[in-house]
Amino acid sequence: MQPSEVKALLESRLDDCEFHIQGEGCNFQVVAVGEAFKGLSPVKRQQMIYSALSEEIASGALHAVSIKTYTPQQWQAATDNQGA
């Protein structure tokens, strides 16, 4: 799979989220930003992403997925801190 394919799958299955995907083959790093994560524990956030990709993981099309999730406010703070 290509990063663009993973991004398209996530965008079609999770509303109101922005995705940044890196990787190749069957190993990807997913950064997801959205209001959907507000108030959720880190485990619940990851479960949302894994659930959206469950078919591809089960089939082996995706093997290793590293996930980071942020609310828009957390993402803004994280990107602001990278420049510091």
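Worth pointing out:
- Positions within region 55-84 being more than 14 Å from G34 (Cα to Cα), of a type in the set (S, T, N, Q) and within 14 Å of the chain's Cα centre (by Cα), in sequence order: S66
- Set L40, L62, L53: member being touching a helix residue (DSSP H, G or I) at 6+ places or on another chain (Cβ under 6 Å) and among the aliphatic types (A, V, I, L, M): L62
- Among residues of region 21-44 that are over 20 Å from T79 (Cα atoms) and open to solvent by less than 90 Å² (accessible area, probe 1.4 Å), none has a Cβ under 9 angstrom from a residue that is part of a strand (DSSP E or B) and aromatic (F, W, Y) at a sequence gap of 6+ or on a separate chain.
- Among (1) touching a strand residue (DSSP E or B) at 6+ places or on another chain (Cβ under 7 Å); (2) open to solvent by 90 Å² or more (accessible area, probe 1.4 Å); (3) hydrophobic (A, V, I, L, M, F, W, C) - the single one L10 does not satisfy: (2)
- Test: residue in region 63-77 that is in a loop (DSSP other than H, G, I, E, B), in contact with a strand residue (DSSP E or B) (Cβ under 9 Å, 6 or more places away or on another chain) and surrounded by fewer than 16 Cβ atoms within 10 Å (Cβ to Cβ): yes
The values are calculated or read from the model by the stated rules, or taken from the named source; none is laboratory data. Please read these numbers as outputs of a predicted model, since none were measured by experiment. Please note: Cβ atoms are built from the backbone with ideal geometry, for glycine as well, and neighbour counts cover all protein chains shown. The accessibility values were calculated without ligands, DNA or RNA, using every heavy atom of the protein model including side chains. Shrake-Rupley method; radii C 1.70, N 1.55, O 1.52, S 1.80 Å.
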